[in-house]
Amino acid sequence: MGKIKILNIGVLLAILIVGCWRDAPKRLKVRETNFCFSPNRDNSKIVQSNGVYSFYHKPHNKLEFSGRIRTSDYSENFIFYPSGELCRFLSTDSSYGLWGSYYIEKNTVKTQYFSPPITVSWDREEVWFELMEDHRMKVIGRTWDKTLSQGDLEKYQQNNKNTDAVLSQFSKQDILPDPNKSWLKKRKWFWCDEKEYKMWKRSFKVSK
């Protein structure tokens, strides 16, 4: 039993070390991009922040009853918080969300979200959306572990031009995950301004 316990501890330490190692590139790059977090932003007039943008992945004829569709009928969901934070989760499991950020250029919403630090399979994903009428969105590009390029946009749109899975439906929600409790917001490298991070950290500790 002693050897097994030591082996388990060793495996856990290895995972944590790998997670920290994979965390390092994020520290170096996020603050230098528009994906860094600033609490002074307010995107509430552009995207809806009181609910979930969901992307349907079931047969096309089901979309005819979209007014009766529930969040549980979707496989990919996004929450856009007014200050630029983002939560992405699958199905109805919002308790396990991937956290990130977004910014808006003209009619394009550019998002980036990260795997948790101890995950070793992938690092981050970048997804771009086109803002459409009636508060809907359309996925226009997606990449893993690299910055989304013009070539990536063209390739994605060519491969997904005939699918309704890239179109969103929006549903209001009374309760949303609290971004103040996300692992990402507690990372100093995620913030545009280190002073703002320190102020938030102090206020967050006081409010507990």
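Which chymotrypsin sites (Phe, Trp or Tyr not before Pro) from region 94-146 combine a DSSP loop assignment with at most 16 other Cβ atoms within 10 Å?
In loop regions of region 94-146 (DSSP not H, G, I, E or B), the sparsely surrounded chymotrypsin sites (Phe, Trp or Tyr not before Pro) are Tyr96, Trp122.
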Quiz item: Too long at a 30 Å Cα-Cα cut-off: which of Lys138/Lys205; Lys45/Lys195; Lys155/Lys198; Lys155/Lys185; Lys155/Lys201?
Solution: Lys138/Lys205; Lys155/Lys198; Lys155/Lys185; Lys155/Lys201
Exercise. Give me the aspartates and glutamates in straight-line cross-link reach of Lys29: C-alpha distance below 16 Å, same-chain residues under 8 apart excluded.
Key: Asp123, Glu125, Glu126, Asp145, Asp193, Glu194
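For the residues Lys106, Lys186, what sequence is obtained by ranking on other C-beta atoms within 10 Å, fewest first? Walk me through the numbers on the way to the answer.
Details: Lys106 7, Lys186 13.
With the sparsest Cβ surroundings first, the list reads Lys106, Lys186.
Can you order the peptides 82-91, 166-175 by their average number of other Cβ atoms within 10 Å per residue, highest first? Kindly include the intermediate steps, with their values, before the conclusion.
On the way: 82-91: 19.0, 166-175: 14.3.
Those peptides, ordered most packed to least, come out 82-91, 166-175.
In what sequence do Asp193, Asp42 fall when counting other Cβ within 10 Å, fewest first? Don't jump to the answer; show the numbers that get you there.
On the way: Asp193 14, Asp42 11.
Least to most surrounded, the residues fall as Asp42, Asp193.
Return the FRET efficiency for the residue pair Glu194, Asp152: r is the Cβ-Cβ distance, R0 is 35 Å, and the value is rounded to the nearest 0.05.
Working: r = 32 Å, r/R0 = 0.90.
Plugging the Cβ-Cβ distance into 1/(1 + (r/R0)^6) gives 0.65.
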Quiz prompt | Extension gain, Lys106 back to Met132 (0.36 nm per residue minus Cα-Cα distance, nm) | solution = 8.2 nm
Self-check item: Cβ-Cβ FRET estimate between Ser171 and Asn40, R0 fixed at 30 Å, reported to 0.05
Solution: 0.60
Quiz item: Which aspartates and glutamates have a Cα less than 12 Å from the Cα of Lys106, not counting those fewer than 8 places away in the same chain?
Solution: Glu130
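Coordinate-derived values only; no laboratory data. All values reported here derive from a predicted model rather than from experimental measurement. Neighbour counts run over all protein chains shown; Cβ positions are idealised from the backbone, glycine included.
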